[in-house]
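Q: For reference, the structure I am asking about is given below.
Please treat every number below as a calculation from the coordinates, not as lab data. No experiment lies behind these values; they were computed from the predicted model shown. Counting neighbours? That spans all protein chains shown, and the Cβs are built from the backbone with ideal geometry, glycine included.
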Amino acid sequence: MPLDIVVCVKWVPNTQIVNIDPRTGTLIREGVPSIINPHDLNAVEFGLTLKDSYGGRLTAIAMSPPSAKAGLEFLIGMGVDRAILITDRVFAGADTLATSYVLAKAIERLMPTDLIIFGQETIDSSTAHICAQTASWLKLPYIYYVIDARLEDGKKNIVVKRVLERKIEVFELPLPCLMAIAMKSNVPRPVTLSNKIKAKMENLIEVWNNEMLKLNINCVGLKGSPTVVSKSIPTPVVPRKKLKFEGTDPIEAARWLLDRLAEEGVRVI
Amino acid sequence: MSAVQQICPEWEQNVNKEEFKGIWVFVECFEGLVNEASLQLITPAKKIAEKLNASITAIMLGHRIEMMLNEPVYYGADSVIYVDDEDLATYYPNVYGDVLVNLVKKYKPELLLIAGTLSGREMAPYVANCLRTGITADCTDFDVDETTMDVLQIRPPFGATLLAYIRTPHNRPQIATVRPNVFNLPNKDVSRKTSSVIREHVEIPRPNVRLLSSEKVEKEAAIIEKADVIVSGGKGLGSPEGFRLLEELAREFGGVVAGSRKAVDAGWIPHEKQVGQTGKSVKASLYIAVGISGAAQHLFGIREVKTVVAINTDPEAPIFDNADYGIVGDYRQIIPAIIEEVKRRRRG
């Protein structure tokens, strides 16, 4: 039985190649390219694997600035069938509640769908909020940390395996439902050349703005966000002794270190 | 609130903040065990309670949990509200979430704290959204804004070089998660008692979800958040084999091995051993950082460490400015020398 799957992704700065200013210890963000959140690629792979098994269609959606189009092309290169870029200035400055609201309203337009999947969290804010919040807007069951899924009873239920700190659970959920895929739980497939050409040639990326979604502007972006950042202060620096061993001999260095540690009360006996 | 202010019609209209009183701590008690990360939340709850002149209530859900109800009281909770029901024997996010939402609607607390365990991180955003209120993940501290009496939820945003003070100005309750071991447990006083233990009977939703099986996974005993000595490796190790040397050194000190995010991204060490903003905060008395450059996110995870040692080939690496003792050089030579010296001293 074919599955209709929606995967939600985020376009984030590539923190994996971000360099650190050696003087200040801060991140150098200028010129850092954005990428699809790497944990979302596990969700895309998960969706593609289900599609391989059961057939169907995988649609990727992202609420992002227009530059995310490149990321959605990448996902089509991986095998995603259709992508939707939700972009509008009025969506800017959203916290997780306001973000999930827009995603939920977009998903409602894609209904009926069987499964809505997410990455476990993003690498830029790591809140892991969006899947649960979207489930609340859509009033559907959801589950996190999923590593495996298979269909039961034709298309009525899905059996999922998920991992918590000290246990592995198997749940049966009715479709449609939402799930967040455990980070690093699979290896995302590479982009193929033919899919990449398809992404460029065919018009597989739709752009949705608020003229189309017609959401109340008090419910989106900064205005629709119940949380506000009232101020930011530099993280206090922890004072350290900053003593360096002067020399190059490893044995001397080892003796110096153990002497210093002994002064601190670290005993090795 | 000014009359012209437009708020989202999806939100609860005209929330009267005055009606919301008290601090709630959701105390996980799955499978007969009170979660320590939940009890740690009583530490910041006490700080906020003092500023708001509020009391602290522990919320416990489950089945056959009566014998655990005193535990949060020993650590400082003033009262307990609990639901004991067969249908809560298994944690499932929608069910536990809906029960908690119903309790919040009835009692109207001003603040709800939830431990950022895996299940807490799964359930909390659902609860917040059902209540149409904000939520702040991974708070590392709290304060109170003295003009509005809003709780300031303090968290390091991406990069960890700044601390953001986040408020929920119009909605209630205010909801925050806190990762395990960010706060210490309050002192335990088994003579503490409360006269206010309320058993609530709420309707338990029955979604079409079934637990088919649950299997315990034995994890390695070494939990980095509790280790007294940590030897931690980064990208500078050059290969996963480098961790063997780190393990050998850790053994000499009776410690454990951890890693930076780059070491985790490279697949050299599992995520549960990652130190830093997106990993764990550690409280070791000795932290030896090997081949770790010292990004702000990493330093954030070791801010409570007593003594930091850095070993790195790059003399300009920021880690040296954030360490007590630094050695510039190749860890492949320095660590065997330290191990040898430790053994020599031990022999006397």
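Q: Kindly provide log₁₀ I(q)/I(0) values, in the same order as q = 0.10, 0.15, 0.16 Å⁻¹, from the Debye equation applied to equal alpha-carbon scatterers of chain A.
A: One equal scatterer on each Cα of chain A leads to -0.61, -1.10, -1.22.
Q: Another question, then. Using the charge dipole of chain B (Lys, Arg: +1 at Cβ; Asp, Glu: -1 at Cβ; taken about the Cα centre), state which of B:G233, B:T90, B:G329 has its Cα farthest towards the positive end.
A: My answer, from the dipole projection, is B:G329.
Q: Explain nothing, just the number: dipole magnitude of the range A:97-174 about its Cα centre with +1 on each Lys and Arg Cβ and -1 on each Asp and Glu Cβ, in debye rounded to the nearest 20.
A: Dipole magnitude for the range A:97-174 comes out near 140 debye.
Q: Let me ask you something else. For n ≥ 4 DSSP H runs only, could you compute -39500 (n - 2.57) per run for chain B, divide by its residues and tell me the 222 nm figure to the nearest 500?
A: Helix-only estimate at 222 nm: -7000 deg cm²/dmol.
Q: Next up: Roughly how crowded by other chains is peptide B:323-334, in terms of the mean Cβ count from those chains within 10 Å of each of its Cβ atoms?
A: What the average comes to for B:323-334 is 6.
Q: Find the relative contact order for chain A and round it to a whole percent, using C-alpha pairs within less than 8 Å whose residues are 6+ positions apart.
A: 23
Q: Then there is this: Pop out the ³J(HN,Hα) list for the range B:62-72 in order, Karplus 6.51 cos²θ - 1.76 cosθ + 1.60 with θ = phi - 60°, rounded to Hz; leave Gly and Pro as x.
A: x, 10, 6, 10, 3, 5, 9, 5, 6, 3, x
Q: Which of A:V160, A:N216, A:F245 sits closest to the plus end of the dipole of chain A, meaning its Cα is farthest towards the positive end, when Lys and Arg get +1 and Asp and Glu get -1 on the C-beta?
A: Looking along the dipole axis, the top candidate is A:N216.
Q: Would you mind getting me the FRET efficiency between B:S195 and B:E272? Use the beta-carbon distance for r and R0 = 45 Å, nearest 0.05.
A: 0.65
Q: For A:153-162, what's the mean count of beta carbons from other chains sitting within 10 Å of each residue's beta carbon?
A: Per-residue shielding by partner chains comes out at 1.
Q: How would you classify the range B:224-347 from its alpha-carbon gyration tensor, with a ≥ b ≥ c the square roots of the eigenvalues: rounded for a/c under 1.5, else prolate if a/b is greater than b/c, otherwise oblate?
A: rounded
Q: Among DSSP beta bridges lying fully in the protein assembly as shown, give the percent that are antiparallel, nearest 5.
A: Bridges in the protein assembly as shown are about 35 percent antiparallel.
Q: May I pose another question? Among rounded, prolate and oblate, which fits the range B:132-240 when a ≥ b ≥ c are the square roots of the eigenvalues of its C-alpha gyration tensor, a/c under 1.5 means rounded, and a/b larger than b/c means prolate?
A: Oblate shape, in that a/c is at least 1.5 and b/c is the bigger or equal ratio.
Q: Among the aspartates and glutamates, which have Cα under 13 Å from the Cα of B:K188 when same-chain residues fewer than 8 positions away are ignored?
A: B:E36, B:E71
Q: Taking the number of other C-beta atoms within 10 Å as the exposure measure, put A:S53, B:S239 in order starting with the fewest.
A: Fewest-to-most ranking of A:S53, B:S239: B:S239, A:S53.
Q: How much net charge surrounds A:R267 when only other residues with a Cβ under 11 Å from its Cβ are counted (Lys, Arg +1; Asp, Glu -1)?
A: +1
Q: May I ask you to derive the relative contact order of chain B, considering only C-alpha pairs under 8 Å and at least 6 residues apart, and to give it as an integer percent?
A: 14
Q: Let me ask another. About the Cα centre, and with charges only on the beta carbon of Lys, Arg (+1) and Asp, Glu (-1), how big is the dipole of chain A? Nearest 20 debye, please.
A: For this selection, approximately 260 debye.
Q: Check which residues have an amide H placed less than 5 Å from B:T90's amide H, if you skip close sequence neighbours.
A: Amide H neighbours of B:T90: none.
Q: Treating the angle as unsigned and between 0 and 90°, give the value, to the nearest 10°, between the Cα long axis of helix B:242-252 and the longest Cα principal axis of chain B.
A: It works out to around 80 degrees.
Q: For chain B, with only Lys/Arg (+1) and Asp/Glu (-1) charged at the beta-carbon, what is the dipole magnitude about the Cα centre, in debye rounded to 20?
A: 520
Q: Additional query: Taking beta carbons within 10 Å but only from partner chains, what does the mean come to for residues B:130-137?
A: Taking the mean over all residues of the peptide, I get 6.
Q: Obtain the nm distance between the two label points defined at B:I204 and B:D141 by a simple spin-label model: each point lies 7 Å from its Cα along the Cα-to-C-beta direction.
A: Calculated label separation equals 4.2 nm.
Q: Please give me the summed charge of the neighbours of B:G120: other residues whose Cβ is under 12 Å from its Cβ, Lys and Arg +1, Asp and Glu -1.
A: Around B:G120, the charge tally is -2.
Q: Restricting to bridges with both residues inside chain B, how much of the DSSP beta-bridge set is antiparallel, in percent to the nearest 5?
A: 15
Q: Could you calculate the FRET efficiency of A:N218 with A:E252 from 1/(1 + (r/R0)^6), where r is the beta carbon distance between them and R0 is 56 Å, rounded to 0.05?
A: With R0 = 56 Å, the Cβ-Cβ based efficiency is 0.25.
Q: Which value in nm describes the separation of the simple spin-label points at A:A262 and A:S194, placed 7 Å from the Cα toward the beta carbon?
A: Result for the modelled spin labels: 7.1 nm.
Q: Right, next: For a 25 Å ceiling on Cα separation, which of these pairs sit above it: A:K10/B:K262; A:K51/A:K156; B:K21/B:K283; A:K161/B:K106; B:K193/B:K280?
A: B:K21/B:K283; A:K161/B:K106; B:K193/B:K280
Q: Cα centroid distance between the range B:235-310 and the range B:91-169, in Å?
A: Answer, in whole Å: 29.
Q: Another question about this same structure. Using the basic label-point model (7 angstrom from Cα toward the beta carbon), what is the B:E316 to B:K105 distance in nanometres?
A: 6.0
Q: Please name which of B:C139, B:Y75, B:P207 has its Cα lying farthest along the dipole of chain B towards the positive end, using unit charges on Cβ (Lys, Arg +1; Asp, Glu -1) and the Cα centre as origin.
A: Result: B:Y75, furthest along the dipole toward the positive end.
Q: Give the aspartates and glutamates whose C-alpha is closer than 20 Å to that of A:K214, dropping any in the same chain fewer than 8 places away, or say none.
A: Hits, sequence-local ones excluded: A:D88, A:D95, A:E108, A:E206, B:E10.
Q: Next up: Exactly which GluC sites (Glu not before Pro) in the range B:202-259 are in a DSSP loop and have at most 13 other Cβ atoms within 10 Å?
A: B:E203, B:E218, B:E220, B:E241
Q: Classify the range A:139-194 from the C-alpha gyration tensor, please: rounded if a/c falls under 1.5, else prolate or oblate depending on whether a/b exceeds b/c.
A: Oblate is the answer for the range A:139-194, as a/c is 1.5 or above yet b/c matches or exceeds a/b.
Q: Also, quick follow-up: With a 10 Å radius around each residue's Cβ, average the other Cβ atoms per peptide and rank B:257-268, A:198-209, highest first.
A: B:257-268, A:198-209
Q: Moving on to the next point. Of all DSSP beta bridges in the range A:3-219, what percent run antiparallel (nearest 5)?
A: 40
Q: For the range A:89-103, what does the Karplus curve 6.51 cos²θ - 1.76 cosθ + 1.60, with θ = phi - 60°, yield as ³J(HN,Hα) per residue in whole Hz, taken in order and with x for Gly and Pro?
A: After applying 6.51 cos²θ - 1.76 cosθ + 1.60, I find 4, 5, 8, 5, x, 6, 7, 5, 5, 5, 5, 5, 4, 5, 4 Hz.
Q: Pairs of alpha-carbon atoms within less than 8 angstrom and 6+ residues apart define the contacts here; what relative contact order does the range B:3-199 have, in percent?
A: Computed over the range B:3-199, the figure is 27 percent.
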